[in-house]
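Working notes for the structure below.
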Amino acid sequence: VMSNGTAVCWGKAEAHYTYVGPDDGDVDIWRCGYMARYFRFRPLESRGGAPSLVGVSIGEIVLFGRDTSTRLTVDTVTNPDGENPSGYVPFQAYDADIETKWEDRSGGALVFDMGAEASVESYKWSTSNEKQNQDPISWVLEASNDQEQWIVIHERSQTWNGEFSLIGTVDVRTNRTNYERNAYSRTFRGACSIPTGQVWRGISASAFHFCGVNGAGVGLCWGHNNWGQLSFPATPCGCAQEYKSYCDCTSANFESYIYRKVSIVSSPTQCDASGRCVNLYSDGTCYSNGCDYIY
């Protein structure tokens, strides 16, 4: 928490699982808050093999900032050196129509020109209407301000992770896994997507959820809620209590008190074993003498 009350987060995004499969080992790495004019979605592996051999196709990509209800505005979408069949041009990957598609037989990258600097904090993509062997299962999202030096924002470089970006169904007759067409992947985002517009007094970080108290004394928690750890006392929380369900809750009626550590002098009747005062008057002072400090 910075001196002006804003918060900065870094490290592995362990609070945002995006893996659906037989192992729990998946963790996303994400560079949050990076401002750039250009973003590039670069396929590394298609479901049928190398993108340069089998190609790549996508119905739609949607880029978001912190607000996942509003897609970011993009000026142009290009596919440098791409080989696009007639009617499957790059901008059809960002035309808000999941029924259209972009295809590159040579498996190249999509470059998004935002028109001005922006920060991509989350995104999702959809399968095209056909050719599931061209679904990307491994890719990297990069950012640049000059289209020469690219910074990795998010990477799905292990195919056994990216392969499960969509849930497939097995055809028992052919033993082939089929993936729904014109269907969106899950939304990929980083753990530093914390509640915005807050002036923080303090934040506590766990492996899979986070809680903080803002300047108004209101508590906010976000992350996984598999044990109900996001819920506040006597405050309704709409988050599902289940494994790997990402959500957030606010303590609408929860009173949070922050006391500075201060020295006091009195007798020992109201102190715990560590010397902390355990009974306070409403103004935050200790009932009795002898305690070393209060919070």
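No value in this document is a laboratory result; all are computed from the given coordinates. All of these numbers come straight from a predicted model, not from anything done at the bench. Every residue, glycine among them, receives a Cβ derived from its backbone with ideal geometry; neighbour counts consider all protein chains shown.
Key figures
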| item | result |
| --- | --- |
| Positive minus negative residues near Gly115 (Lys, Arg vs Asp, Glu; Cβ under 12 Å) | -2 |
| Length-normalised contact order for the stretch 42-107 - Cα pairs under 8 Å, 6+ apart - percent | 43 percent |
| Set of the stretch 74-102 residues, backbone N closer than 18 Å to the point 7 Å along the Cα-Cβ line of Asp113 | 74-82, 89-95 |
| Gain upon complete extension [Gln229, Thr187; 0.36 nm per residue less C-alpha separation] | 12.9 nm |
| Farthest positive-ward along the stretch 64-144 dipole, Cα basis, beta-carbon charges - from Gly108, Val120, Pro80 | Val120 |
| Using θ = phi - 60° and Karplus 6.51 cos²θ - 1.76 cosθ + 1.60, couplings along the stretch 86-100 (whole Hz; Gly, Pro as x) | 4, x, 10, 7, x, 5, 6, 7, 9, 10, 6, 10, 5, 7, 7 |
| Nearest-0.05 FRET efficiency for Tyr179 and Val1, computed from C-beta distance (R0 51 Å) | 0.75 |
| Charge tally in the Cβ shell below 14 Å around Ala36, where Lys, Arg are +1 and Asp, Glu are -1, Ala36 excluded | -4 |
| Kirkwood-Stokes translational diffusion coefficient of the stretch 52-175, alpha-carbon pairs, 20 °C, 1.002 mPa s, µm²/s | 138 µm²/s |
| Contour minus Cα-Cα distance for Asp75 and Val172 (0.36 nm per residue) | 30.4 nm |
